[in-house]
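*Asks:* For reference, the structure I am asking about is given below.
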Amino acid sequence: MNKEEKNQLIDVIDNMLNENNNFYLADISGLTAEESSSLRRLCYKREVSLQVVKNTLLKKALERNGVDFSSLYDVLTGNTSIMRSEESGNAPAKVIKEFRKKHKKPILKAAHIEETFYIGDEHLGTLSDLKSKNELIGDIITLLQSPAKHVVSSLQSGGSKLSGIIKSLQDDVSREASKNNQVEENKVDDQVEENKVDDQVEENKETNSSKEE
């Protein structure tokens, strides 16, 4: 590889990091050709890119980038492959973890996810459980929507009960109004009877007065 080709490769890595600087550095040395092919097929299936790079060229690309990647320089020895995923920050970790069920490699050398550095294979479990920003946002939205859903559900499930209570209140109001109307009618009837009695008394007085005359 001549100098021009090396510079072109550095540019490719630099552009790749600028587009998405969430990436993993892994050691896949020691895998047979068949095992390497199996790993690449698994990466393709999980939408994870895998690219073996020279440490010197990768370091130059990291140095050129606006992010301070100096924490990764110490791991740039031996075999190094870059693993990336456009969909999820934990996808490469899951691929490594899954492939390691039957093989000793890949070994996680380091990772840079959401502006955080993870140095060493001991972080593989943490990274495989790590959620992306979009996944976390989705969880928050779900939590925010849950109370509203519960309220709507409760109203729907208790709709018949609620309508029954309202109907009962309406019936009580109607009965009370009817009772009040009946009381008023009785008062009117009593007043009419009293008036009739008074009239009868007056008539009797007039009759007796006429007889005395």
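*Asks:* Starting from 0.36 nm per residue, how many nanometres of slack lie between Leu136 and Glu34 once their C-alpha separation is accounted for?
*Replies:* Extra length from Leu136 to Glu34 when fully extended: 33.0 nm.
*Asks:* Here is a follow-up. Residue by residue, what Karplus-based ³J(HN,Hα) values in Hz, rounded to whole numbers, does segment 20-26 have, using 6.51, -1.76 and 1.60 with θ = phi - 60° and x for Gly and Pro?
*Replies:* Each residue of segment 20-26 in turn: 7, 8, 8, 8, 10, 10, 10 Hz.
*Asks:* To the nearest 20 debye, what is the magnitude of the charge dipole of segment 3-132 about its Cα centre, counting +1 on the Cβ of each Lys and Arg and -1 on the Cβ of each Asp and Glu?
*Replies:* Computed charge dipole of segment 3-132: roughly 580 debye.
*Asks:* How far apart, in nm, are two points set 7 Å out from the Cα along the Cα-to-Cβ line at Ser70 and at Glu115?
*Replies:* 1.9
*Asks:* Would you please give the residues with an amide H less than 5 Å from that of Gly89, counting only those at least 5 places away or on a separate chain, with H modeled from the backbone geometry?
*Replies:* Ser132
*Asks:* Excluding Glu5 itself, calculate the net charge of residues whose Cβ lies under 14 Å from the Cβ of Glu5, where each Lys or Arg counts +1 and each Asp or Glu counts -1.
*Replies:* Once all neighbours under 14 Å are counted, the net charge is +2.
*Asks:* Pairs Lys59/Lys97; Lys109/Lys131; Lys60/Lys109; Lys54/Lys105; Lys60/Lys131; Lys3/Lys59: which exceed 23 Å Cα-Cα?
*Replies:* Among Lys59/Lys97; Lys109/Lys131; Lys60/Lys109; Lys54/Lys105; Lys60/Lys131; Lys3/Lys59, the Cα-Cα distance tops 23 Å for Lys59/Lys97; Lys60/Lys131.
*Asks:* OK, next. Can you list residues from other chains, or at least 5 along the same chain, whose modelled amide H is less than 5 Å from the amide H of Lys109?
*Replies:* Placed amide hydrogens put Leu25, Ala26, Asp27 under 5 Å from Lys109.
*Asks:* Among Met83, Met1, Met16, which comes first, then next, by fewest other beta-carbon atoms within 10 Å?
*Replies:* Fewest-to-most Cβ neighbours within 10 Å comes out as Met1, Met16, Met83.
*Asks:* Can you tally the net charge around Asp27? Count Lys and Arg as +1, Asp and Glu as -1, for every other residue whose Cβ sits under 11 Å from the Cβ of Asp27.
*Replies:* Computed value for this residue: +2.
*Asks:* A further question follows. If I model a spin label as a point 7 Å beyond the Cα along the Cα-Cβ vector, how far apart are those points for Asp129 and Glu87 in nm?
*Replies:* Output for this residue pair reads 2.3 nm.
No value in this document is a laboratory result; all are computed from the given coordinates. Because the structure is a prediction, the values reported are computed rather than measured. Positions of Cβ are backbone-derived with ideal geometry, glycine not excepted, and every protein chain shown enters the neighbour counts.
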